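Worksheet for the structure shown next.
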């Protein structure tokens with residue numbers, strides 16, 4: 001498909017489909033492959049078709065966009081669309097690429113899709129061989145050695161990275177940080193926590209402990225954690 005990324009629209013309002021379709025036409029790297037008017041329709045489509053990017057409305061009848069996103073085991077990259085701003089903080093906990101408020105203008109739409117493309121070009125082999133990450137904190141680029149990282153905790157659209165020496169507040173989401181870290185060394189254990197596996201001192205059914213700091217283990221992450229710690 002000549003390098004283009006597939007996308008779908010999930011929204012119960014025909015007018016919203018029209019606006020998004022018009023904007024997508026300006027992004028030559030995107031190909032719109034499906035339009036869904038409710039969450040059930042979208043879930044059934046995603047079961048059969050891999051999709052790169054989903055434009056998802058939050059306020060839909062029966063099953064909301066947030067409920068749908070939580071139900072998907074491996075959701076595509078998602079840009080949320082809504083007329084209401086009260087879900088913005090929660091949405092970043094679920095690793096969405098961006099959060100667009102309706103009415104969505106073209107410049108803001110382009111910014112969101114550019115953010116998606118920036119995230120999607122990261123290569124797995126590069127993650128596996130890296131020994132540090134570069135992050136921006138306080139407007140300054142800072143190098144953090146992977147071996148120093150103990151854990152990271154979500155603060156909405158910021159994240160707190162705790163190392164053996166200090167703590168950094170970084171403008172990233174949990175999912176964005178997860179993308180930059182090698183998964184042979186780090187694991188997401190909760191929607192708000194990523195831990196360094198070799199820094200875990202003890203673990204139980206619902207928590208792990210690193211340097212006397214107890215962190216919750218989400219139900220959906222529990223099995224993978226236990227498999228990695230065997």
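Summary of computed values
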{"quantity": "Criterion violated by residue 160 - all others in (1) exposed (fewer than 12 other Cβ atoms within 10 Å of the Cβ); (2) at pLDDT 90 or above satisfied", "calculated": "(1)"}
{"quantity": "Cβ-Cβ under 6 Å pairs, at least 6 apart or on other chains, segment 155-176 side within 20 Å of residue 201 (Cβ to Cβ), far side assigned to a helix (DSSP H, G or I) and modelled with pLDDT of 90 or more", "calculated": "163/148; 164/148"}
{"quantity": "Residue that is modelled with the lowest pLDDT [pool: residues in segment 169-191 that are within 13 Å of the chain's Cα centre (by Cα) and more than 17 Å from residue 98 (Cα to Cα)]", "calculated": "180"}
{"quantity": "Residue in segment 165-182 that is outside the structural domain of residue 74 (by TED's automatic domain parsing), outside any helix (DSSP H, G or I), in contact with a helix residue (DSSP H, G or I) (Cβ under 7 Å, 6 or more places away or on another chain) and surrounded by fewer than 18 Cβ atoms within 10 Å (Cβ to Cβ) present", "calculated": "yes"}
{"quantity": "Residue match in segment 1-8 (condition: part of a loop (DSSP other than H, G, I, E, B) and without any contact (Cβ under 8 Å) to a residue 12 or more places away in the chain)", "calculated": "yes"}
{"quantity": "From 59, 44, residue being surrounded by fewer than 17 Cβ atoms within 10 Å (Cβ to Cβ), in the same structural domain as residue 106 (by TED's automatic domain parsing), under 23 Å from residue 103 (Cα atoms) and modelled with pLDDT under 95", "calculated": "59"}
{"quantity": "Conditions (1) part of a helix (DSSP H, G or I); (2) modelled with pLDDT under 95; (3) farther than 24 Å from residue 176 by Cα: number failed by residue 16", "calculated": "(2)"}
{"quantity": "Subset of segment 131-157 (residues that are in a strand (DSSP E or B), loosely packed, with under 15 Cβ neighbours inside 10 Å and in contact with a helix residue (DSSP H, G or I) (Cβ under 7 Å, 6 or more places away or on another chain))", "calculated": "132"}
{"quantity": "Test: residue 63 is over 17 Å from residue 116 (Cα atoms), touching a helix residue (DSSP H, G or I) at 6+ places or on another chain (Cβ under 6 Å) and in contact (Cβ under 8 Å) with a residue 12 or more places away in the chain", "calculated": "yes"}
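The values are calculated or read from the model by the stated rules, or taken from the named source; none is laboratory data. Please read all numbers here as calculations on a predicted model, not as lab measurements. Glycine also receives a Cβ, built like all others from the backbone with ideal geometry; neighbour counts cover every protein chain displayed.
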